[in-house]
Amino acid sequence: MITSFHLGATRKPSEHAPILAEAQERPGTVLVDSGPSIAGWHMLETFIKCPQLFAYRYIIPRLLARERVGTISAHPGIAAAERRVELDTGGGSNLAGVRVVAGHDPLVLPDDEEEGSTEPTPEAPVAGPETRPRGLEGLAGESRALTLGTMVHIGIAHWYCRRAIARQGHIDYMGTRYTKESSFYTPLQAQAIYAARAGALGQYLLGEGQAIQQAYEKQYVNLDAAFDVVAVEHPLRLEVYGYPFTARADLIVRDRASGQVFIWDHKTAGRPNRVPVDYSMSGQIHGLRWHGMTHFPGTFAGVTLNAVGTGKNIGIFWRGSPAPAPAMTDRFPEMLRDRWHQIRGLIESGRHPLRYPQAMAQHACRAGGRDCVGHSICAFGAPEELREQIDLALASFGGSR
Ligand code: SF4
């Protein structure tokens with residue numbers, strides 16, 4: 001089912017005064033981490049686009065942090081609850097390499113589970129420019145779209161956490177059951193805290209983020225009564241031919257009438273009603289579908305795109321569950337395996353990460369009239385200081401490349 005809504009005019013973002021002063025961080029109160037899944041589709045998509053960009057974003061930062069590169073682990077939040085189950089492949093031989101590392105099953109919540117830890121949530125992965133080595137500025141993706149997108153995700157996540165507790169009595173977040181609304185910041189508080197952490201750009205975008213959040217709550221305050229919220233920002237992990245494949249499900253919901261489970265993916269977009277057309281071929285959608293099928297066998301009904309308008313289209317929303325392209329659905333595990341083979345081959349080759357293969361294609365290096373974030377390094381070479389830091393890191397592992 002596809003529905004489209006338009007709220008009409010909303011207040012201008014500039015009319016929303018920042019509430020940073022009111023939003024004090026409180027130890028023990030959860031700030032939902034909406035960060036990326038580090039062995040997920042975005043990483044593989046980057047590699048597919050350009051191995052050199054993959055090195056900039058995933059290999060070099062890890063080397064500079066003095067982490068041995070060779071394995072890329074899943075989100076740490078799921079490690080403690082991992083358990084393996086075999087995937088019912090239905091006899092499909094090409095799926096033989098897929099195993100499910102189910103992690104925490106949010107559909108099964110023991111009644112005697114404890115209220116969540118009072119430990120503060122790890123900080124959202126926001127790195128200030130001063131914390132990154134020269135030459136990698138911008139590679140962390142501090143664009144307007146990413147910062148605003150994270151802010152909107154955080155607001156929506158907190159809204160559903162608190163609504164779920166109010167309506168259902170509990171919510172699952174990162175494998176922990178919470179039963180008190182006060183365990184979570186309000187959406188506006190959470191956005192303001194994130195904005196403060198995100199620096200000047202975050203604070204600049206806070207008014208718009210709050211306007212979007214308020215429009216969202218107004219739009220869906222009654223419309224979202226048809227489903228139960230199963231989990232928020234839930235980490236999922238598959239093992240495909242021995243390789244990890246992780247995802248963060250923005251929201252997992254269960255339809256109250258049918259019992260069907262949907263994985264939602266929030267999308268902030270300047271033109272939200274144009275979002276879904278592109279996704280039937282999307283590896284992200286195919287990946288979430290595989291997670292859904294394997295973690296919720298028999299009840300999974302699809303991936304829902306929850307598009308949220310930004311900029312001039314604040315107050316415009318779109319939801320739909322586009323089907324993945326049928327001829328691509330069963331090839332996804334093999335595609336993952338093949339990409340991981342290539343990644344492993346590059347890492348094990350000992351090749352210097354500044355010499356990884358480059359796309360050398362205008363559509364990748366200068367997409368949509370904008371330079372790739374790695375353009376200056378590729379075009380003019382890495383600054384000497386960055387080179388030295390990488391070489392030092394490689395030497396510290398005893399490697400010469
Ligand atoms: S500029 Fe081109 S070659 Fe360099 S990282 Fe970007 S896509 Fe790859």
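Return the pairs, sorted by first residue and then second, in which the second residue is within 12 Å of the ligand (Cβ to nearest atom) and basic (Lys, Arg), the first residue lies in region 346-364 and is under 15 Å from SER376 (Cα atoms) and in contact (Cβ under 8 Å) with a residue 40 or more places away in the chain, the beta carbons are less than 7 Å apart, and the residues are 6+ apart or on different chains. Cβ pairs passing all conditions: ALA359/LYS49; ALA364/LYS49. When region 221-239 is filtered for residues that are under 11 Å from TYR160 (Cα atoms) and either of a type outside the set (Gly, Ala, Ser) or without any contact (Cβ under 8 Å) to a residue 24 or more places away in the chain (or both), the ones remaining, listed by number, are VAL221, ASP224, ASP228, VAL229, VAL230, VAL232, GLU233.
When THR299, THR268 are screened for being β-branched (Val, Ile, Thr), surrounded by fewer than 22 Cβ atoms within 10 Å (Cβ to Cβ) and modelled with pLDDT of 90 or more, only THR299 passes. Meeting the requirement of 2 or more residues that are of a type in the set (A, V, I, L, M), the helices (runs of 4 or more DSSP H) wholly within region 284-401 are 332-348, 375-380, 384-396. Within region 35-74, can you find the residues that are among the small types (Gly, Ala, Ser), in a helix (DSSP H, G or I) and at pLDDT below 90? Listed by number, the list is empty, since nothing qualifies.
Results for (1) touching a Leu at 6+ places or on another chain (Cβ under 6 Å); (2) basic (Lys, Arg); (3) farther than 26 Å from ARG144 by Cα, shown as yes or no for each residue.
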| position | (1), (2), (3) |
| --- | --- |
| GLN284 | no, no, no |
| HIS291 | yes, no, yes |
| THR294 | yes, no, yes |
| PRO297 | no, no, yes |
| ALA301 | no, no, yes |
| THR304 | no, no, no |
| ALA307 | no, no, no |
| GLY315 | yes, no, no |
| PRO322 | no, no, yes |
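Can you name the residue in region 370-392 that is among the hydrophobic types (A, V, I, L, M, F, W, C) and exposed (fewer than 13 other Cβ atoms within 10 Å of the Cβ) and, of all such residues, is farthest from the ligand (Cβ to nearest atom)?
LEU392
In the condition set (1) in contact (Cβ under 8 Å) with a residue 60 or more places away in the chain; (2) over 29 Å from GLN24 (Cα atoms), ARG256 is compliant with all but (1). Return the residue satisfying two criteria in turn: it lies in region 347-360 and is modelled with pLDDT of 90 or more and more than 7 Å from the ligand (Cβ to nearest atom), and of such residues it is surrounded by the fewest Cβ atoms within 10 Å (Cβ to Cβ). Taking the candidates together, the pick is ARG355.
The rows are residues; the columns are (1) at positive phi; (2) at pLDDT 90 or above.
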{"position": "TYR173", "(1), (2)": "no, no"}
{"position": "GLU181", "(1), (2)": "no, yes"}
{"position": "TYR185", "(1), (2)": "no, yes"}
{"position": "ILE193", "(1), (2)": "no, yes"}
{"position": "TYR204", "(1), (2)": "no, no"}
{"position": "LEU223", "(1), (2)": "no, no"}
{"position": "TYR241", "(1), (2)": "yes, no"}
{"position": "PRO244", "(1), (2)": "no, no"}
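Consider LEU236 carefully, then state whether it is of a type outside the set (D, E, K, R), at negative phi, within 17 Å of the chain's Cα centre (by Cα) and not in a loop (DSSP other than H, G, I, E, B). Show your work before the answer.
Numbers: of a type outside the set (D, E, K, R): yes; at negative phi: yes; within 17 Å of the chain's Cα centre (by Cα): yes; not in a loop (DSSP other than H, G, I, E, B): yes.
For LEU236, the condition - of a type outside the set (D, E, K, R), at negative phi, within 17 Å of the chain's Cα centre (by Cα) and not in a loop (DSSP other than H, G, I, E, B) - is met.
Considering region 246-255 alone, what residues qualify as being modelled with pLDDT of 95 or more and either in a loop (DSSP other than H, G, I, E, B) or closer than 10 Å to GLY292 by Cβ (or both)? Scanning region 246-255 gives a single hit, ILE252.
The values are calculated or read from the model by the stated rules, or taken from the named source; none is laboratory data. Note that this is a predicted model, so its numbers are computed, not measured. Cβ sites come from the backbone with ideal geometry, for glycine too, and all protein chains shown count toward neighbours.
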